Amino acid sequence: MKTIRKISDSIYYLGANDRRLSLFENLFPLDNGVSYNSYFIDDEKTALADTVDRFVADPFFENLEYLLKGRKLDYLIVHHMEPDHAANMGRLIEMYPEMKVVCSMKANQMIQQFFGADLGDRAIIVKDGDSLSLGKHKLHFVTAAMVHWPEVIMSWEESTGILFSADAFGAFGALDGRIFNDEIAIDEGWWSEARRYYANIVGKYGLQVQAVLKKAANLDVKMIAPLHGPVWRKDIADFIGKYDLWSRYQPEEKGVLIAYASMYGNTESAANALALALADRGVDKLEVRDVSVTDVSELISLAWKYSHIVIAAPTYNMNMHPKMEHFVMDMKHLNLQNRAVSLIENGSWAPAVIKVASEILSSMKNMRILEEKISIKSALHSIQPIEKMADEIVEDMKNN
Ligand code: FEO
């Protein structure tokens, strides 16, 4: 049974969905699965852009066979070597002994690492400025090292303006037959998942994303074909605009994420009081999350979205509550920058969160710790410090 769609006259989508996978990279929760996108170019020479994860190999090979119609596969274009896209390469290399593998130098090394296969002269190593003609189609290669692996390349197809963008411009979520962005609701829920994907997987490499965006600006991109999520053929500038913001670590919204940890409800109570005080002052972009029951990837996505972050946590082993420590350290590892942070600590005998969190935040780039800090001894009995913190956050939002 073929499960393909055309994305241009002779370029086909032959990706596959995995709706059974609960953790992407065995790490990130998936509520609605994920798609692994692969593309076939039907020309004088046949070319396949990437493969799919091993869990969805069967429909992929069935589709490929259907599209080849008995011809041989001339080229495999390897944009990215992570096994969610490259898992079936070893099998392809054996199935099509005349197939050339078009990839970066680094990818060629990784093919040996993953599959023990020395491609020899079957490998065509490409770099910026190189191109490959298939007949009517011509691919131009753009290196994209560290977006988000070192071997990544993108390619731009001249006759259609399609940019094969590797993981960039990808998103979590299976595709329900509607593979184009104009066929689905690109609403806040969708952006939230795209941001969660970007921030957690690519977020650390903002500088490298900026470099690729500059190169892509010189291309007439009419469609973006990523390795996950929908193919963008409409409002491309919207997604590029988000990538530009996200990779410069600039918030999307002036707003507040209140992230709290609480063992017995006292720190939670302070977090809720602050949320009410902020809402009272007209802050409408405001989200409160319990870090113990919210996946850290969701917290990271919200940290990427908002200009202001409140960290409220009890002390644990002279450190932050472990769930909060995970969140704060993840922000650091992912290189988040340019946020204002307010701190609330709780400790019945030796509160330590303000000190520990301040040290971590100070080691990050342009994370401003606001003046008003609240140190709770067991429980908060006055609203005054909350009111002062809310005033300061609102004032800071006006001025920054
Ligand atoms: Fe979708 Fe980096 O693999």
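Structural descriptor for the stretch 103-199: relative contact order 18 percent, calculated from alpha carbon pairs under 8 angstrom and at least 6 residues apart. Rounded to two decimals, the Cα-based Rg/Rh of the stretch 181-237, with Kirkwood Rh, is 0.97.
Mean residue ellipticity at 222 nm from the helices of the chain, using -39,500 (n - 2.57) per DSSP H segment of n ≥ 4 over the full residue count, to the nearest 500 deg cm²/dmol?
My calculation for the chain gives -10000 deg cm²/dmol from helical runs alone.
Here the average projected area of the convex hull drawn through the C-alpha atoms of the chain stands at 20.5 nm². Extending 7 Å from Cα along the Cβ direction at Arg19 and again at Glu98 yields two label points whose distance is 4.0 nm. Listed by chain and number, the lysines whose C-alpha is less than 25 Å from the C-alpha of Lys254, apart from same-chain residues fewer than 8 away, are Lys204, Lys242, Lys285, Lys305, Lys332, Lys365, Lys373, Lys388, Lys398.
For the stretch 295-302, backbone phi angles converted through the Karplus equation (6.51, -1.76, 1.60; θ = phi - 60°) give residue-by-residue couplings of 4, 4, 5, 6, 4, 4, 4, 5 Hz, Gly and Pro being listed as x. Over the stretch 155-274, the ratio between the Cα radius of gyration and 2.2 N^0.38 Å evaluates to 1.29.
Largest to smallest in accessible area, the residues Glu372, Glu395 fall in the order Glu395, Glu372 (1.4 Å probe, all protein chains included).
The phi torsions of the stretch 350-360, fed into the Karplus equation with coefficients 6.51, -1.76 and 1.60 and a -60° offset, translate into couplings of 9, x, 10, 5, 4, 5, 5, 5, 4, 4, 5 Hz, rounded to whole numbers, with Gly and Pro shown as x. Mean sequence separation of contacting Cα pairs (under 8 Å, at least six apart), scaled by the length of the stretch 181-278, corresponds to a relative contact order of 27 percent. Taking all protein chains into account, the per residue accessible area for the stretch 237-343 stands at 37 Å² (1.4 Å probe).
Multiply the residue separation of Gln210 and Ile125 by 0.36 nm, subtract the distance between their alpha-carbon atoms, and state the gained length in nm to one decimal. Each step should come with its number before you reach the end.
Values: separation 85, 0.36 × 85 = 30.60 nm, distance 2.40 nm.
Result for the pair: 28.2 nm of gain on full extension.
If one computes the Cα centroid of the stretch 357-373 and of the stretch 57-102, what distance in Å separates the two points? If you average the Cα positions of each part, the centres end up 49 Å apart. Only residues of the stretch 31-68 count here: report those whose backbone N is under 19 Å from the spot 7 Å along Cα→Cβ of Phe180, or say none. Inside the label zone: 37-42. With the convex hull constructed from alpha-carbon coordinates only, the stretch 125-170 shows a mean projected area of 3.3 nm² over all directions.
In terms of overall dimensions, the stretch 296-347 has a Cα radius of gyration and Dmax of 11.0, 31 angstrom.
Rolling a 1.4 angstrom probe over the chain with all protein chains present gives an accessible area of which 49% lies on carbon and sulfur atoms.
For the stretch 312-396, the square roots a ≥ b ≥ c of the C-alpha gyration tensor eigenvalues yield an a/c of 1.5 or more together with a/b not exceeding b/c, which makes the shape oblate. Charged side chains reduced to their Cβ positions (Lys and Arg at +1, Asp and Glu at -1) give the chain a dipole of some 480 debye around its Cα centre.
Going by a ≥ b ≥ c, the root eigenvalues of the Cα gyration tensor, does the stretch 126-220 fall in the rounded group (a/c under 1.5), the prolate group (a/b larger than b/c) or the oblate group? Because a/c hits 1.5 or more and a/b fails to exceed b/c, the stretch 126-220 counts as oblate. In this label model, Ser363 and Glu44 are separated by 5.8 nm, measuring between points 7 Å along each Cα→Cβ vector. The distance between label points at Met263 and Asp31 comes to 3.1 nm (points 7 Å beyond Cα on the Cα→Cβ vector). Once all protein chains are placed together, Ser159 keeps about 70 Å² accessible to a 1.4 angstrom probe. Here the convex hull built on the C-alpha positions of the stretch 19-69 has a volume of 76 cubic angstrom per residue.
Using Cα pairs under 8 angstrom and six or more residues apart, how large is the relative contact order of the chain, in percent?
Computed value for the chain: 11 percent relative contact order.
State whether the stretch 1-160 is rounded, prolate or oblate according to the following rule on the C-alpha gyration tensor (a ≥ b ≥ c being the square roots of its eigenvalues): a/c under 1.5 gives rounded; otherwise a/b larger than b/c gives prolate, and the remaining case gives oblate. Rounded, because the longest to shortest axis ratio a/c is under 1.5. If the segment from Val293 to Lys373 were pulled out straight at 0.36 nm per residue, it would be longer than the present Cα-Cα gap by 26.3 nm.
The values are calculated or read from the model by the stated rules, or taken from the named source; none is laboratory data. This is a predicted model, so every value here is computed, not measured. FYI the Cβ positions are ideal-geometry reconstructions off the backbone, even for glycines, and counts take in every protein chain you see. Heavy atoms of the whole protein, side chains included, go into the accessibility calculation; ligands, DNA and RNA do not. Shrake-Rupley method; radii C 1.70, N 1.55, O 1.52, S 1.80 Å.
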